[in-house]
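Taking it in order: structure first as structure tokens, then the write-up.
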Amino acid sequence: MSKALEIKIGKLKLQNPVMSASGTFGCGEEINNFFDINKLGAIITKTITMEKRQGNPSARVVETASGMINSIGLEGPGIRNFLKGKKDFLKKLKTHVIVSISATSVEDFKIMTELLDEQSYIKAIELNLSCPNVSHGKTLSKYKLIAQDPKATEKIIKIAKKYTKKTLIAKLSPNVTDITEIAKAAENAGADAISAINTLTAMAVNVEKRRPVLGNIFGGLSGPAIKPVALKMVYDISKKVKVPIIAIGGIISAEDALEFILCGASAVQVGTATFVDPFTGENIVNDLEKYCEEKKIENISSLIGALVV
Amino acid sequence: MKQLKVKIIKKDNISDSCFKLSLKSDYLKKTAKPGQFVSVKCSDTTSPLLKRPFGIHKVTSHGIELLIKKAGKATQLLSQKKEGDEIIVLGPLGQGFEIEHKKNDILLVAGGYGVVPLYFLADQIIKKNKGAKIKVFIGGKTKNDIFCAEDFKKLKAELYFSTNDGSYGHKGFVTSVLMKEIVKLEPKNCVIYACGPNPLLMAISDISKEEKIKAQVSMEEYLACGIGVCMGCAIETTQGKKLVCKDGPVFNAEEILWKIPENLNKAIDQRINL
């Protein structure tokens with residue numbers, strides 16, 4: 001494989017800038033039945049929480065115009081069961097394993113970071129500070145989400161930084177007045193990279209029943225519908241921070257990925273598109289490779305922020 | 001399970017709101033089990049975005065057949081496909097019905113389009129259990145919601161019909177017709193396989209419990225990925241959350257923890273009135 005797609009995120013050297021987005025890929029086992037997930041630059045697991053979580057009541061997904069709303073609510077086995085159950089599979093992977101975590105207290109963030117730090121096969125941690133379907137704990141912030149509060153964002157990243165030397169990624173929420181303010185706080189606190197954006201809070205209505213479609217009433221909007229919003233946010237963040245940005249938001253093709261890279265992203269995550277076509281991640285890697293070959297681009301990083309305005 | 005590009009070799013319009021697609025695929029023909037489903041990409045654009053799940057209706061000499069209701073934009077677009085067109089299909093997905101080989105009184109209960117997987121099941125049961133006596137109970141809102149009667153007749157199944165408005169068969173719910181037959185049978189020899197809207201499946205669970213008859217129900221939920229990664233289709237069971245797409249869609253009736261629907265009392269009132 002050519003080196004045209006190699007990029008760096010924190011301490012990690014990625015063979016290409018394409019990753020799976022947390023919550024859309026499980027831990028990779030299912031998608032590995034379709035293509036060798038080692039072809040991706042990295043995989044990011046479903047967000048892991050301290051304890052087992054049941055998630056929200058059904059319905060938990062609904063399609064909307066060129067997108068979907070989910071309100072899964074971070075259902076999962078808890079970190080200890082995750083480490084026990086997924087270790088064998090994740091250890092064997094040649095691609096980088098990035099574990100996404102979320103918690104409702106500083107203490108839990110600390111414990112989880114420590115637990116993950118002990119695992120050599122885990123190469124980076126993505127702090128999910130922005131899941132719209134859970135409350136991130138009243139003790140942490142007066143806001144529902146950590147990523148809505150620059151001070152809380154800083155606090156959590158500093159704690160995580162203290163307990164691990166692994167690359168730390170802060171995943172931010174678009175549900176804020178000014179995402180660059182949060183991104184700066186994350187950078188100041190020591191985040192090695194910023195993932196943006198998580199889903200936009202949203203709802204869907206069933207007129208016949210005069211009820212919300214989702215059991216949780218609200219959820220997070222994802223898919224191509226949010227791409228223009230994500231592009232603008234990535235562009236804005238790139239003007240304010242120096243750490244690499246990992247773009248998320250409706251990416252379904254190499255062209256989408258390139259748009260984000262031109263707007264300042266160093267890498268991209270594929271989320272909802274994996275539901276539409278499990279091969280999306282692999283296709284984007286292949287098409288980016290072709291693109292670099294055709295355009296005689298030595299390394300894709302030359303395109304980062306290369307938007308002409 | 002694979003994602004395949006398959007050719008539509010035959011398309012039949014059954015009615016204004018319903019059509020059949022016959023798909024060419026050796027793989028699906030060989031691997032599909034009754035109760036499993038496929039997910040179909042219905043448009044080439046991002047609208048609609050996600051694939052749509054359809055129960056496998058038949059296995060043919062060339063592949064599989066789907067019976068599809070035009071329910072929204074996705075199925076409307078799919079209905080415009082022509083013979084010779086190719087579509088992207090992911091499948092077979094999920095866990096299908098488990099055929100109870102030792103039970104001879106087979107009770108298939110369908111609400112509306114619930115007949116879709118039950119036909120495939122009946123066909124397989126007949127091939128595997130020569131002693132099987134199949135009774136098929138089909139219920140719908142009106143006679144326009146009753147499908148596949150002719151197909152089941154060819155399998156020599158006994159047929160029972162009900163409609164809410166009485167326009168075809170018994171007036172009322174399909175479960176009342178089912179109960180009239182159940183009392184004539186020995187519960188130990190019976191098994192119920194059901195597919196249809198949740199209130200019907202919930203009633204089947206009650207009947208299963210009260211009459212001590214094993215029942216398997218095929219559940220429906222909104223799906224996003226269809227392969228167990230998005231966790232969107234989780235339902236409550238006696239063993240915790242399970243995914244309709246991966247652990248189901250067919251479950252033992254006794255394992256489902258039903259949510260009492262808001263209109264349950266209304267439904268019960270209706271049952272009493274009828």
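The values are calculated or read from the model by the stated rules, or taken from the named source; none is laboratory data. The structure displayed is predicted, hence computed values, not measured ones. Quick reminder, even Gly has a Cβ in these numbers, built from the backbone with ideal geometry, and neighbours come from all protein chains shown.
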Is there a residue being assigned to a helix (DSSP H, G or I), of a type in the set (S, T, N, Q), under 17 Å from A:ILE169 (Cβ atoms) and away from every other protein chain (no Cβ under 14 Å) anywhere in segment A:224-239?
-> yes
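Results for (1) touching a helix residue (DSSP H, G or I) at 6+ places or on another chain (Cβ under 8 Å); (2) modelled with pLDDT of 95 or more; (3) buried (at least 21 other Cβ atoms within 10 Å of the Cβ), shown as yes or no for each residue.
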{"position": "B:LEU90", "(1), (2), (3)": "no, yes, yes"}
{"position": "B:HIS101", "(1), (2), (3)": "yes, no, no"}
{"position": "B:VAL116", "(1), (2), (3)": "no, yes, yes"}
{"position": "B:LYS127", "(1), (2), (3)": "no, no, no"}
{"position": "B:VAL136", "(1), (2), (3)": "yes, yes, yes"}
{"position": "B:PHE147", "(1), (2), (3)": "yes, no, yes"}
{"position": "B:LYS154", "(1), (2), (3)": "no, no, no"}
{"position": "B:ALA157", "(1), (2), (3)": "yes, no, yes"}
(1) surrounded by 18 or more Cβ atoms within 10 Å (Cβ to Cβ); (2) free of Cβ contacts under 8 Å to residues at least 60 places away in the same chain; (3) out of contact with any helix residue (DSSP H, G or I) (no Cβ under 9 Å at 6 or more places or on another chain) all hold for B:THR46 apart from (3)
Checking B:SER39, B:SER22, B:SER43 in turn, the sole residue that is within 14 Å of chain A (Cβ to nearest Cβ), assigned to a strand (DSSP E or B) and closer than 18 Å to B:GLN76 by Cα turns out to be B:SER39
Flagged pairs (Cβ under 7 angstrom, 6 or more apart or on separate chains; first in segment A:210-236, of a type in the set (Val, Ile, Thr); second surrounded by 21 or more Cβ atoms within 10 Å (Cβ to Cβ) and assigned to a helix (DSSP H, G or I)) are A:VAL234/A:PHE260
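Which of the residues spanning segment B:223-241 are buried (at least 20 other Cβ atoms within 10 Å of the Cβ) and either among the hydrophobic types (A, V, I, L, M, F, W, C) or part of a strand (DSSP E or B) (or both)?
Selection gives B:LEU223, B:ALA224, B:CYS225, B:ILE227, B:VAL229, B:CYS230, B:MET231, B:CYS233, B:ALA234, B:ILE235.
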Among the residues of segment A:6-51, the number that are within 14 Å of chain B (Cβ to nearest Cβ), buried (at least 16 other Cβ atoms within 10 Å of the Cβ) and not in a strand (DSSP E or B) is 18
A:ILE252 vs (1) away from chain B (no Cβ under 14 Å); (2) out of contact with any Lys or Arg (no Cβ under 8 Å at 6 or more places or on another chain); (3) in a loop (DSSP other than H, G, I, E, B): all pass except (1)
Result of the Cβ filter at 8 Å on segment A:53-64, keeping first residues that are more than 7 Å from chain B (Cβ to nearest Cβ) and partners that are among the polar types (S, T, N, Q) and in a loop (DSSP other than H, G, I, E, B), at least 6 apart or interchain, is A:ASN56/A:SER71; A:ASN56/A:ASN133; A:ASN56/A:ASN216; A:PRO57/A:ASN216
Scanning segment A:266-284 for residues that are within 9 Å of chain B (Cβ to nearest Cβ) and either of a type in the set (Val, Ile, Thr) or over 19 Å from B:VAL38 (Cα atoms) (or both) gives A:THR272, A:THR274, A:VAL276
Only one of (1) buried (at least 22 other Cβ atoms within 10 Å of the Cβ); (2) farther than 30 Å from A:VAL241 by Cβ does not apply to A:ILE72, and that is (2)
Taking segment A:167-197 and the residues there that are in a helix (DSSP H, G or I) and among the polar types (S, T, N, Q), the one that is nearest to A:GLN119 (Cα to Cα) would be A:ASN188
Those residues of segment A:65-94 which are of a type in the set (D, E, K, R), under 18 Å from A:THR104 (Cα atoms) and away from chain B (no Cβ under 14 Å) amount to A:ARG80
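Determine which member of the set B:SER218, B:SER205 is in contact (Cβ under 8 Å) with a residue 12 or more places away in the chain, away from every other protein chain (no Cβ under 14 Å), out of contact with any Asp or Glu (no Cβ under 9 Å at 6 or more places or on another chain) and among the small types (Gly, Ala, Ser).
B:SER218 is the lone residue from the list that is in contact (Cβ under 8 Å) with a residue 12 or more places away in the chain, away from every other protein chain (no Cβ under 14 Å), out of contact with any Asp or Glu (no Cβ under 9 Å at 6 or more places or on another chain) and among the small types (Gly, Ala, Ser).
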